[in-house]
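Down below is the structure, laid out as structure tokens.
Just so you know, all these numbers are worked out from the coordinates, no wet-lab data involved. All values derive from a computational prediction rather than experimental measurement. Because the Cβ atoms are built from the backbone with ideal geometry, glycine has one as well, and the counts that use them run over all protein chains shown.
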Amino acid sequence: MNRITDFQEGDSLPPIQLAPVTRLDLIKYAGASGDFNPIHTIDAEAEGAGLPGIIAHGMWTMGNLAKIFTPYLEEGFIQDYAIRFKGMVFLEDVITLKATVVEKKQRQVIFQVQAVNQSDKDVLKGDLVFLL
Amino acid sequence: MVFDYAPFLIEAGKIKEFAKALQLENPIYRDEETAKSAGYRGIPVPPTFMTVIDFWNDRNFYQFFADFLKLNPNHVLHGEQSYEYHKVILAGDTIAAQVRVKEQFHKKGKNFFLLETIYRNQWNEITAVGRATIIEIAEVD
């Protein structure tokens, strides 16, 4: 397996494509996180809030994006993780997680991180600093 | 003005449940031996686990919104989120967090709240700092 230190500026970590989002994914996440805002699980509540259907918790996507780094946890730690939510994630969406090295310092590797949907539209974008 | 969340014990089972919900497959999140051989003193929490602390402690995010911000937590959107990590949170730690409104403003007809949450462990060390941008959305009748 590759190590974080092997990646150079401009290189990307292997992207991860998630299975289509299911209601059960969001129900499990609601229970695990304690975020029971019903727009994430109940159609009528989402529609009442003016949405076409239930949407994933933003933190579900942010939590998933961390997955791209979990194979490297023996090598170091995440020091900083900052994102902006750019678009909504609906049921059946296929989300791809990406991370690209934008800067490499002696002990820090700075990544641009991104989650995109099946139309290649950003749903989340930000930066992550990995401390070696 | 600061709102104190109730101290929250980090249970190994909760870490496992959260990692499983996000399908984080690394056994580091469920097996102490794996975590130790990876250099951790115990089972660490996944990077966004602080959200569990916010929502599951006994004086939580819902009370902060209803009693302190006077906002319906179901009528907000999450615009931005960042975490600064100082010390790894491990199973067995007790985390006491404090949240404050750093800034509040009105833009394009919407109310914005910039929140900062500081997470401290049982030795009063800062383990993480979370920053969130919350946007109030109007109720649809």
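Please order B:R59, B:R30 by the number of other Cβ within 10 Å, starting at the fewest. Mind showing how you got there, number by number?
Details: B:R59 14, B:R30 19.
Lowest count first: B:R59, B:R30.
If we count every other residue with Cβ under 15 angstrom of B:Y5's Cβ, Lys/Arg +1 and Asp/Glu -1, where does the sum land?
Values: positive: B:R59, B:R100, B:R120; negative: A:D35, B:D4, B:D54, B:D58, B:D67, B:D93, B:E116.
With Lys, Arg at +1 and Asp, Glu at -1, the neighbours total -4.
Dipole of the protein assembly as shown (Lys/Arg Cβ +1, Asp/Glu Cβ -1, origin at the Cα centre): which of A:T22, B:V88, B:A66 lies farthest to the positive side?
B:V88
Just check the stretch A:4-131 against the gyration tensor rule for me: Cα atoms, a ≥ b ≥ c as the square roots of the eigenvalues, rounded for a/c under 1.5, and otherwise prolate or oblate depending on whether a/b exceeds b/c.
The shape class here is prolate.
Amide H of B:V76 versus every other amide H placed in the peptide plane: which residues, excluding those fewer than 5 positions away on the same chain, fall under 5 Å?
Under 5 Å from the amide H of B:V76: B:I137.
On a C-alpha basis, how far is the centre of the stretch B:7-24 from the centre of the stretch B:67-141 in Å? Whole number, if you could?
After rounding, the separation between the Cα centres reads 20 Å.
Ranking A:S12, A:S33, A:S119 by Cβ neighbours within 10 Å, fewest first, what do you get? Walk me through the numbers on the way to the answer.
Numbers: A:S12 14, A:S33 24, A:S119 8.
With the fewest neighbours first, A:S12, A:S33, A:S119 line up as A:S119, A:S12, A:S33.
Hey, what did chain A get for relative contact order, percent, Cα under 8 Å, at least 6 apart?
On the way: 249 pairs, mean separation 39.0, N = 132.
Reported as a whole number, the value is 30 percent.
Assign unit charges at the C-beta atoms only (+1 for Lys and Arg, -1 for Asp and Glu), then state the dipole size of chain A relative to its Cα centre in Debye, rounded to the nearest 20. Each step should come with its number before you reach the end.
Values: 12 positive and 17 negative charges, 52 e Å.
Its charge dipole is roughly 260 debye.
Give the distance, in whole Å, between the Cα centre of the stretch A:67-89 and the Cα centre of the stretch A:31-63.
21 Å
Can you put B:E25, B:E116 in order, fewest other beta carbons within 10 Å first?
Details: B:E25 13, B:E116 16.
By the 10 Å Cβ count, ascending, the order reads B:E25, B:E116.
Using only the Cα atoms of chain B, build the gyration tensor, take square roots of its eigenvalues as a ≥ b ≥ c, and label the shape rounded, prolate or oblate: rounded if a/c is under 1.5, else prolate if a/b is larger than b/c, else oblate. Intermediate values should be presented prior to the final figure.
Working: a/c = 2.34, a/b = 1.92, b/c = 1.22.
Verdict is prolate for chain B.
From the phi of every residue in the stretch B:119-133, what ³J(HN,Hα) in whole Hz does the Karplus formula 6.51 cos²θ - 1.76 cosθ + 1.60 yield, where θ is phi - 60° and glycine or proline is x?
9, 10, 8, 5, 9, 6, 7, 6, 9, 7, 10, x, 10, 10, 10
Can you pull the mean other chain C-beta count within 10 Å for peptide A:73-84?
Working: counts 11, 7, 2, 1, 7, 6, 4, 5, 9, 6, 5, 6.
Mean partner-chain Cβ count within 10 Å for A:73-84: 6.
Please report the net charge: other residues with Cβ closer than 15 Å to the Cβ of A:D120, K and R +1, D and E -1.
In short, +2.
Given contacts defined as C-alpha pairs under 8 Å and at least six residues apart, what's the relative contact order of the stretch B:44-141, whole-number percent? The partial results should precede the final answer.
Working: 157 pairs, mean separation 28.9, N = 98.
Contact order relative to length: 29 percent.
Looking only at other chains, what is the average number of their beta-carbon atoms within 10 angstrom of each beta-carbon in B:71-80?
The shielding value for this peptide is 4.
Where does the charge balance sit around B:K20 when Lys and Arg score +1, Asp and Glu -1, over other residues with C-beta under 12 Å from its C-beta? If you can, show how the numbers build up before the last one.
On the way: positive: A:K28, B:K14, B:K16, B:R30; negative: A:D25, B:E17, B:E25.
The answer is +1.
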